[in-house]
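Before any comments, here is the structure.
Every number here is computed from the coordinates shown, using simple stated rules; none is lab data. All values reported here derive from a predicted model rather than from experimental measurement. Note that we place each Cβ from the backbone using ideal geometry, even for glycine, and neighbour counts take in every protein chain shown.
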Amino acid sequence: MYFLLVYMYIKNHVYMFPDLLGCHGKCRRYLFCCFQDRAGQFFSSGHTNNWAVLVCTSRFWFNYRHVANTLSVYRSVKRLGIPDSHIVLMLADDMACNHRNPKPATVFSHKNMELNVYGDDVEVDYRGYEVTVENFLRILTGRLPPSTPRSKRLLSDDRSNILIYLTGHGGNGFLKFQDSEEISNVELADAFEQMWQKRRYNELLFIIDTCQGASMYERFYSPNLMALASSQVGEDSLSHQPDLAIGVHLMDRYTFYLLEFLEDIHPASKTNMNDLFKVCPKSQCVSTPGHRTDLFLRDPGSVLITDFFGSVRKVELTMETINLTDPIDAESGELQKEMHTYADQLPVSEIIHQKPKQKDWHPPDGFILGLWTLILLVFFQTYGVKHLKHIF
Amino acid sequence: MGLLSDPNRRRALISLLTRLNTPICIVCYMAGVAWFMGLAFEPFTLRTYMSENAMGSTMVEERFPAGERALATGREFSAHKKRTGGMPVEWLMKTMQAKGLEVFTQRFSRTLPFPDENKERYMVRGTNVYGILRAPRAPRTEALVLSAPCSPGDNNNQAVGLLLGLAEYFRNQIYWAKDIIFLVNEHDLIGMQAWLEGYHHTNTTGMDWSPLQGRGGSIQAALSLELSSDIITSLDLVLEGLNGQLPNLDLANLFYAFCQKIGVLCTIQGKLQRNDWDSVSGYSHAVQTMMLMVMKQASGRPWGDHGLFLRYHIEAATIKGVNSFRQYKTDATTIGRLLEGMYRKLNNLLERLHQSYFFYLMPSLSHFVSIGYYMPAFGLLAVILLLRALDLWVQLSTPPQRTEDGSSPGVLSLLTPLVISHLTGVALYMLPIRFQEMAVEHFPVSETEAVVLTAIAVYTLLSPGTEQGWRVLKLVAVLYLAVLLGCTALINFSLGFILALTLVPVAAFVTPHVPKVLSAFILVILSPACTLLFSVFFFQELQEMPISFQDGWLLFLSVISQGILDHSLYGSLVYPLITLLVYPCWLLFWNILFWN
């Protein structure tokens, strides 16, 4: 069973091993026994790339802490290896350049200005009024207009592990976007189901830091979802510390302790999810953080933090050489025909060569019919039916 | 059948109403007065709290260092003021420019309708000086105002000094999102009115002013500072503005929150808060504070320079520094820090203050009573009028037992008293000022007095009418009074309530059949003019400065003349309301009393 899995993996992803195509029996046996002891480690997670969608949903100067929350998770995620091209950062307001910021171009997460999470190389993909419920759902489901640039898309595939982090003001079953609209937990669960059906993720970690955050993951029903929230239903998530020079609260408690926890993680850490569940107990957070793992197929203890927060590519250095005796020829490449192609997320060729849609002919609809009936009725009423013979 | 459409039930209800009318009216009156007195009882009030999320709590770090330098600037200002004998315009302009503000001036002039004895002025001419601190990075769409009056003599020098010190400190900060306008106005309220009219391009009072050269965007909030000594012991907050309008309660909450944070003693109506609400003296203290606020609001005068801002929907308050004999003294640096903290919080505002109450009464600085709680007191008094009207209506619709002259009351007999009383009101409104122009050697107030007395004397000659006629007139008068008092209470609750307290019993009991001399006496005691006289004495009592009858009478006359001046200078509506509407209504009741 185990070897079958490995064999199926190699068969499906044989394009990753082009130099093995020429190997016949002997080489394949060699392949299996080399990977045997490392396979458990290498193939246990099943993902090949990492994405992160980090959303701050509230604007105005007194919601400084939500932007600081999102930027501190962004900083950790970038430090652990996920590149900007794989991060979709949505910030609803610009705190660093707000007129009221006494230290322009900075966003601090620790008081006395110890840590500037804005940094020099932050790339915000959705800013200001672009952070809406519609845009957020379109990113998740991939239904974006063809003109959307790559940096604003979530180009994940069925081997992507996605981290989704939401912060802002919320309530029982909803999260408020920008003081004007809300996303409900049902909408979010349906969006994740769409993602699952379109095979847009391998595993998804959902973290939410709002009041009554646990209500947002109650309705999930798609497989391979793990969720964490900063407070249970009926509890408020509290902010951590104010900075008197800036005059606002800098961070929320849960994300503050999450940031402290993540600062200890480095790309080779073996810390697993059970440690993440212990972040910010009630004594520090005042609210009770919650988590949900029943939809997740693997045991949380075997899931590494870096599976979601980092972008770890295992590289194996080998000093051994393999002699390729036979050249590759086209006839012996039956395996080539079974190659699978990468599903094109951005069908550029179709967009360029699109023909205009032909409009079908529709019979006149009710309004036109009604209008003509009215005209006829009026005509016959005024002039009487006996004039009918003059027309027909 | 329904309660009102069933004739039997209706008759029963009506007979109940007519039988028990007087007892119900008396019970309602007592209940109304008791409710009003109960408003000051602490368990019935609410603690104040900040409603505006953007202002948040008081977590800012105040770092204003230069209190002593501000006082030195104040002394310089005082010296220059003495030298020029008025406002030292050049010195102020030079100082403000040195601190980095954009400085502008405005000239204004106004001739009062008659000489003002309290402030000893008749032809007023002055200059306002103001400097604008532009926000370093923000667009110039919103502004905050800090103002200090330039008063004659030794008053308010420290206020101007502190204003200039704060201007210098604020200029060095980069976190301002709104422009800050530092205004020094001459001739207190007249100068402030000229500046506001020039800023908003309105001209409602006929003043003559030069247009403003520099502007700062729409004003979100304003504070006016009155500080006359180097060391103070407490800060007093003044909220009452023109026509009894109050600023948003959040401004008072902000002030109180900062007072608690910095540890300065803060008062309202000059009275310090007490903790023993369950004792008699504690309760009476709260009642006194609340009654002072009611009196001040009912007078319709602006009690600080901030009072004129409220008309333009700008939340404003005056902060007065008080130096009394207490142990704990506060210096100018601390006051500067308090103002700095308040302005930093106001800076965080995104829209005008609107989350908290606009109509409230404050028995102390940390407790308030909102309109939903105090309006039933007035409602109970208005119900008396409506009950009386229903009673009269019932009496009018039942045909009389014996007819006297068979004629129904003509419209003319009804209209005549109405027209005559309103004409008298108009005369009372217009004559004092007109006669002043003719007879300059008399005091203006004696003219008013003469007009009032002659009007009353003349009015005892009346036209004849039928038995039913007085009922119709009384019905009309009672409904008219109810509508008038209701509208007044909505805008200025205190004025409406005080008028209701005295006029509602008048309206309820007066008929041609009560003993004439006694009722005439009571009617005069409860007339608006006498109510004003008693209020003056009561106000002095509340402020713990009781005065003798002679001084009281002079004060009463000066209050009337100030009321007329307020109306012509700032557009206060109390004087026209009393003369054109309340006084004719009272005259109608006088007419009913002497119906023959």
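Before moving on, here are some points about what is shown:
- Given their separation in residues at 0.36 nm each and the Cα-Cα distance between them, B:E90 and B:L396 gain 102.8 nm when the chain is fully extended.
- Coordinate range along principal axes, alpha carbons of segment A:49-309, Å, largest first: 49, 45, 38
- Shown in residue order for segment A:280-285 are the 3J(HN,Hα) couplings computed by the Karplus curve 6.51 cos²θ - 1.76 cosθ + 1.60 at θ = phi - 60°: 6, x, 4, 5, 9, 9 Hz (x for Gly and Pro).
- Degrees between helix B:188-200 axis and first principal axis of chain B (Cα, 0 to 90, nearest 10): 80 degrees
- Calculated FRET efficiency, A:E187 to A:D236, Cβ-Cβ distance, R0 = 30 Å: about 0.85 to the nearest 0.05.
- When each of the peptides A:67-77, B:92-102 is scored by the mean number of other C-beta atoms lying within 10 Å of its residues, the order from highest to lowest reads A:67-77, B:92-102.
- For segment A:138-281: span of alpha carbons on each principal axis (Å, largest first): 46, 42, 31
- Chain lengthening between B:S558 and B:T111 when straightened (0.36 nm per residue, less Cα-Cα): 159.0 nm
- Our summary gives segment B:488-596 a relative contact order of 35 percent, counting only alpha carbon pairs under 8 angstrom and 6 or more residues apart.
- Inter-label distance, nm, simple model (7 Å from Cα along the C-beta direction), B:R47/B:N275: 1.4 nm
- For the protein assembly as shown, the equivalent ellipsoid built from the Cα gyration tensor has semi-axes of 75, 41, 28 Å, listed from largest to smallest.
- Neighbour-count order for B:T202, B:T18, A:T293, fewest beta carbons within 10 angstrom listed first: B:T202, B:T18, A:T293
- Non-local lysine pairs in segment A:49-309, meaning eight or more places apart or on different chains, with alpha-carbon distances under 24 Å, amount to 10.
- Between A:E134 and B:A98, the C-beta separation translates, for a Förster distance of 51 Å, into a calculated FRET efficiency of about 0.40.
- As a calculated quantity, the FRET efficiency between A:L346 and B:R171 at R0 = 45 Å, using C-beta atoms, amounts to about 0.25.
- Counting, for every residue in A:243-249, the Cβ atoms of other protein chains within 10 Å of its Cβ and taking the mean gives 5.
- Neighbour-count ranking [beta-carbon atoms within 10 angstrom, fewest first] of A:S269, A:S349, B:S57: A:S349, B:S57, A:S269
- Extending 7 Å from Cα along the Cβ direction at A:E263 and again at B:T18 yields two label points whose distance is 8.7 nm.
- Point-to-point label distance, A:E320-B:T204, nm (Cα→Cβ direction, 7 Å offset): 9.4 nm
- In terms of distances greater than 25 angstrom between alpha carbons, the cross-link table entries B:K99/B:K345; B:K119/B:K178; B:K119/B:K320; B:K81/B:K261 yield B:K119/B:K178; B:K81/B:K261.
- Its relative contact order, with pairs defined as Cα atoms under 8 Å and 6+ residues apart, puts chain B at 17 percent.
- Across peptide B:53-61, the average count of Cβ atoms from other chains found within 10 Å of a residue's Cβ is 5.
- Solvent-free Debye scattering, log10 I(q)/I(0), computed from the Cα coordinates of chain B at q = 0.05, 0.09, 0.11 Å⁻¹: -0.26, -0.78, -1.07
- Listed by chain and number, the aspartates and glutamates whose alpha-carbon sits under 12 Å from that of B:K82, ignoring those within fewer than 8 places in the same chain, are B:D154.
- Sequence of B:D331, A:D209 once ranked by neighbouring C-beta atoms within 10 Å, starting from the fewest: B:D331, A:D209
- Cysteines in chain B that lack a partner Cβ within the 4.7 Å cut-off: B:C25, B:C28, B:C150, B:C487, B:C530, B:C585.
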